[in-house]
Amino acid sequence: MNSKELFEESKRLMPGGVNSPVRAFRGVGGNPFFTARAEGCELTTCDGDVLIDMVCSWGPAIFGHNHPAIRQAIRSALDNGTSFGTPSFAELEMARLINEMVPCAQMVRMTNSGTEATMSCVRLMRGFTGRDRIVKFEGCYHGHTDSLLVKAGSGALTFGNPDSAGVPADLAKLTTVLPFNDFEALEDCFSKFGEQIAGVILEPYPANVGLIVPKDGFLKRIRQLCDKYGALLVFDEVITGFRMSKGGAQEYCGIVPDLCALGKIIGGGLPVGAFCGRADIMENVAPLGKVYQAGTLSGNPLAMAAGVAALNLIKQTNPYGELEKKAKFLVSAALEAAEKKGIGLQAPRAASLFSFFFNDEKVENCAQAMNSSRELYAKFFHECLSRGLYLAPSAFEICFISAAHTQEHLEKASEILKKSIEAI
């Protein structure tokens, strides 16, 4: 069956024919392709097309797909079983690596997804402080947990519906939402609610509304206000963790949170999540404390083996300088083509993360991102796809580079970006 036939069959059996909304191509139009195989930085579709992949499984494939070291680690772990339901050595090995590499980490608890990790952080900061109110920022997506699916990013923005049905209004009232990079709104919020705020959760480099780079001093000011009012600071590093640097965004920007949610890379491509932070806070998690959190398959031995292999590869190779050079190369090519064409294009970049906004103005918050042209992005996406380059099927997602993208791939991708901008 080809992709079109597979999608028609899938729509009968799954909502929208997909298991995650952005995969449905609703943000760009058309039908999604189905992947038969992934190797290095290339996807082979069920239609026989080979695509240069700039999505990298939405981040985990920092060394490319199907990396031999990660594959071998999974194969070795599989010989011992798929799940134990008991503690295992691999969980301890993962905890040691996270606590060693992540600045804020003194203790860690594994989960099965990033959503579980952020949900647990929210419960923990409320339990630790005895306060109910939390603060988040417009466009920051922290998974689909009720308390955080308020003016969120990712697929919620793609569909033009940043809030979800099924989120109780009374619960949403306990979440204060601020515009990112707005110092005045931040100060006003803490002035009004400071003694009620359990904590602030944010993506330090929001990457689910396209990429937004924090203004100088913005993250530092959040840290200062949390300290002043006794609130906790939580970084959602499901995307940025081990992607911007070996210590994540907190190492990259030099601001250390109290708690941190992780995912993606720590599973080596398998489903995983984790939250970590200060020991005095983490000790409030059951069975030591009264904040309950559990997961039958948390610390799954296959996911731990894959993640440990990925983190060890990071320690051995330190890929970040090369990844950033690759990102700069592609961003420069796109901006050069847009300037020549006379099209307003913003391509914010931090470390190796970047995105494309078809917008005449610099994008510094969610509202400005939403003013970007979805129509131009959709045309751009399909022009790239038709030439063999796969970008995120949404104007509000980011691009990922892997160690597997060779200079040959980059040069081909650069030419595709240029020709696609010329064609729209």
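The values are calculated or read from the model by the stated rules, or taken from the named source; none is laboratory data. All values derive from a computational prediction rather than experimental measurement. FYI the Cβ positions are ideal-geometry reconstructions off the backbone, even for glycines, and counts take in every protein chain you see. The protein model used for the area step is the full one, side chains on, heavy atoms only, and it has no ligands, DNA or RNA in it. Shrake-Rupley method; radii C 1.70, N 1.55, O 1.52, S 1.80 Å.
Determine the share of the chain's accessible area contributed by carbon and sulfur atoms, expressed in whole percent, with a 1.4 angstrom probe. Don't skip to the answer; put the middle values down first.
Working: 8800 of 17710 Å².
Carbon and sulfur atoms account for 50 percent of the accessible area of the chain.
Count charges around Ala36 for me, please; just the other residues with Cβ under 11 Å from its Cβ, Lys/Arg as +1, Asp/Glu as -1.
Details: positive: Arg37; negative: Glu39, Asp47, Asp49.
Around Ala36, the charge tally is -2.
Cross-link partners among aspartates and glutamates for Lys228, C-alpha distance below 19 Å, same-chain residues fewer than 8 apart left out?
Asp132, Asp182, Glu184, Glu187, Asp188, Glu195, Asp258, Asp280
Could you work out the relative contact order of the range 1-63? I mean the mean sequence separation of Cα pairs under 8 Å and 6+ apart, divided by the number of residues, in percent. Could you put the intermediate results ahead of the total?
Values: 68 pairs, mean separation 15.2, N = 63.
Once divided by the residue count of the range 1-63, the mean separation gives 24 percent.
Across bins of 10 angstrom width beginning at 0, how are the C-alpha pair distances of the range 354-406 distributed, in whole percent?
That works out to 23, 49, 24, 4, in percent per bin.
Once you place label points 7 Å from the Cα toward the Cβ at Gln72 and Glu375, how far apart are they in nm?
Rounded to a tenth, the inter-label distance reads 5.4 nm.
Beyond a 23 Å Cα-Cα separation, which of these cross-linked pairs lie in this structure: Lys246/Lys328; Lys264/Lys418; Lys136/Lys246; Lys173/Lys215? Walk me through the intermediate numbers first.
Details: Lys246/Lys328 19 Å; Lys264/Lys418 30 Å; Lys136/Lys246 25 Å; Lys173/Lys215 28 Å.
From Lys246/Lys328; Lys264/Lys418; Lys136/Lys246; Lys173/Lys215, over 23 Å: Lys264/Lys418; Lys136/Lys246; Lys173/Lys215.
Could you order Glu361, Glu408 so the one with the most accessible surface comes first? Probe is 1.4 Å. Don't skip to the end; give the middle numbers.
On the way: Glu361 120, Glu408 150 Å².
The most accessible residue leads, giving Glu408, Glu361.
In the chain, with Lys and Arg counted as +1 and Asp and Glu as -1 at Cβ, which of these residues, Val308, Ser3, Tyr252, has the Cα nearest the positive end of the dipole, that is, farthest along it?
Val308
Considering only C-alpha atoms, what is the centroid distance from the range 306-326 to the range 44-104, in Å?
Going from one Cα centre to the other spans 13 Å.
If you add up the charges near Met107, with Lys and Arg at +1 and Asp and Glu at -1, over every other residue whose beta carbon is less than 14 angstrom from its beta carbon, what do you get? Present the calculation step by step, with values, prior to reporting the outcome.
Values: positive: Arg96, Arg109, Arg278; negative: Glu91, Glu100, Asp258, Asp280, Glu283.
So the environment of Met107 carries a net charge of -2.
Across all directions of projection, what mean area in square nanometres is found for the Cα convex hull of the range 279-379? Please list the in-between numbers first.
Details: hull surface 45.0 nm².
Projected area, direction-averaged: 11.3 nm².
Can you compute the label reach from Phe183? Point 7 Å from Cα along the Cβ direction, backbone N cut-off under 18 Å, restricted to the range 340-375.
Inside the label zone: 364-365.
First select every other residue whose beta carbon is under 12 angstrom from the beta carbon of Leu262; then total the charges, Lys and Arg +1, Asp and Glu -1. Don't skip to the end; give the middle numbers.
Numbers: positive: Arg109, Arg243, Lys264; negative: Glu116, Asp236, Glu237.
So the surrounding residues net to 0.
For the range 1-153, what's the relative contact order in percent, using C-alpha pairs closer than 8 Å and at least 6 residues apart?
Details: 128 pairs, mean separation 16.0, N = 153.
This gives 10 percent for the range 1-153.
How are the C-alpha pair distances of the range 243-301 spread across 5 Å bins, as whole percents from the shortest bin up?
Answer for the range 243-301: a P(r) of 4, 15, 21, 23, 18, 15, 4 percent.
For the range 55-60, in order, what is each residue's ³J(HN,Hα) by Karplus, 6.51 cos²θ - 1.76 cosθ + 1.60 with θ = phi - 60°, in whole Hz (x at glycine and Pro)?
Karplus values, whole Hz, x for Gly and Pro: 10, 6, 6, 6, x, x.
Report the FRET efficiency, 1/(1 + (r/R0)^6), for Glu5 and Glu195, where r is their Cβ-Cβ distance and R0 is 60 Å, rounded to 0.05. If you can, show how the numbers build up before the last one.
On the way: r = 59 Å, r/R0 = 0.98.
The value I calculate is 0.50.
In cubic angstrom, how much convex hull volume per residue do the alpha carbon atoms of the chain span? All intermediate terms of the calculation are to be shown ahead of the outcome.
Values: hull volume 58.2 nm³, N = 424.
Taking the convex hull of the Cα positions in the chain, it is 137 Å³ per residue.
Please report the accessible area of Leu302 (heavy atoms, 1.4 Å probe, ligands and nucleic acids excluded) in Å², nearest 10.
Surface accessible to solvent at Leu302 totals approximately 30 Å².
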